[in-house]
Amino acid sequence: MKKYLKWAVIGLGVVFLGMQAIQPDRTNPPVDETQTIQSLLKVPPGVFSILQRSCFDCHSNQTKWPWYSYIAPSSWLVAGDVKKAREQMNFSEWGRFKGLRVISKLDQICMNVDQGAMPLPNYLVMHPSAKLSKAEIDTICAWVEAESERLSE
Ligand code: HEC
């Protein structure tokens, strides 16, 4: 019995090491300063610092890759989340949104933080400082409303 256990442990170790060979893409594409949300919209410093603190790791090209993004299998999950997040909304590539889509994206920002859907709850386990207070959520939603109104004029 002890012998089997030993081989089981060795087998798992080999599988774990083998998994490390599959490295996901962890690149931060260059930032074109003319396309960022802060250059295209009016983003007060108080709002920008909240977005930077709680959203930029996934929704920008300035991801700070955490240590567990270097170890499989968590590396695959983190890279997958960042890829999906950047596809749906990238604050470094805000210029991809035109016209009414800008306003609907802004709306989604308020909705997602208000419902506690963003930042992703599993991210908060490792990044408790990214959690938003009620006051910060209100700040974001007030900004979304003011900015949408300004853009609709
Ligand atoms: C840990 C990574 C992560 C963080 C941090 C994060 N998001 Fe996301 N976000 C995602 C992922 C992944 C998706 C795509 C979800 C999907 O497709 O199921 C997403 C989607 C979204 C969407 C699009 C939702 C839709 O219905 O199209 C919005 C808006 C959004 N996030 C806002 C935010 C805001 C605002 C913050 C900061 C307060 C934030 N997110 C922080 C990972 C993250």
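I'm a student and want to see the number: the projected area of the Cα convex hull of the chain, averaged over all directions, in nm². Can you show the working numbers first?
On the way: hull surface 44.8 nm².
Averaged projected area of the chain's Cα convex hull equals 11.2 nm².
Non-local amide H neighbours of N61 (under 5 Å, H modeled in plane, Pro and chain starts lacking H): which ones?
Close amide H contacts, sequence-distant or interchain: S92.
In square nanometres, what is one fourth of the surface area of the convex hull spanned by the alpha carbons of the range 62-141? Mind showing how you got there, number by number?
On the way: hull surface 23.0 nm².
Directional mean of the projected Cα hull area for the range 62-141 stands at 5.8 nm².
Amide H of L41 versus every other amide H placed in the peptide plane: which residues, excluding those fewer than 5 positions away on the same chain, fall under 5 Å?
none
Mind checking the range 57-129 for trypsin sites (Lys or Arg not before Pro) that DSSP puts in a loop (not H, G, I, E or B) and that have at most 14 other Cβ atoms within 10 Å?
Details: sites: K64, K83, K84, R86, R96, K98, R101, K105; in loops: K64, K98.
Listed in order of number, the matching sites are K64, K98.
Go through the cysteines of the chain and tell me which have no other cysteine Cβ under 4.7 Å away.
Cysteines lacking a close Cβ partner in the chain: C55, C58.
Given K42/K131; K98/K131; K42/K105, which pairs have Cα atoms separated by over 25 Å? Numbers along the way, then the final one.
Values: K42/K131 23 Å; K98/K131 30 Å; K42/K105 15 Å.
Exceeds cut-off: K98/K131.
Just to check I understand the Karplus step: with θ = phi - 60° and J = 6.51 cos²θ - 1.76 cosθ + 1.60, what whole-Hz values come out for the range 65-82, glycine and proline as x?
6, x, 4, 6, 7, 9, 10, 5, x, 5, 4, 5, 5, 4, 4, x, 5, 5
Counting Lys and Arg as +1 and Asp and Glu as -1, each charge on the Cβ, what is the dipole of the chain about the Cα centre in debye, to the nearest 20? Kindly include the intermediate steps, with their values, before the conclusion.
Details: 17 positive and 15 negative charges, 197 e Å.
With Lys and Arg at +1 and Asp and Glu at -1, about 940 debye.
What list of ³J(HN,Hα) couplings, whole Hz, do you get for the range 24-40 from phi and the Karplus terms 6.51, -1.76, 1.60, once you set θ to phi - 60° and write x for glycine and proline?
Once θ is set to phi - 60°, the couplings for the range 24-40 become x, 6, 10, 8, 10, x, x, 9, 8, 4, 7, 10, 6, 4, 6, 8, 9 Hz.
Which far-off residues, 5 or more places away or on another chain, put their amide H under 5 Å from the one on H127, with H placed in the peptide plane?
So H127 has HN proximity to no qualifying residue.
Rule-based calculations on the coordinates, nothing more; no lab input. All values reported here derive from a predicted model rather than from experimental measurement. All Cβ positions, even for glycine, are placed from backbone atoms using ideal geometry, and neighbour counts span all protein chains on display.
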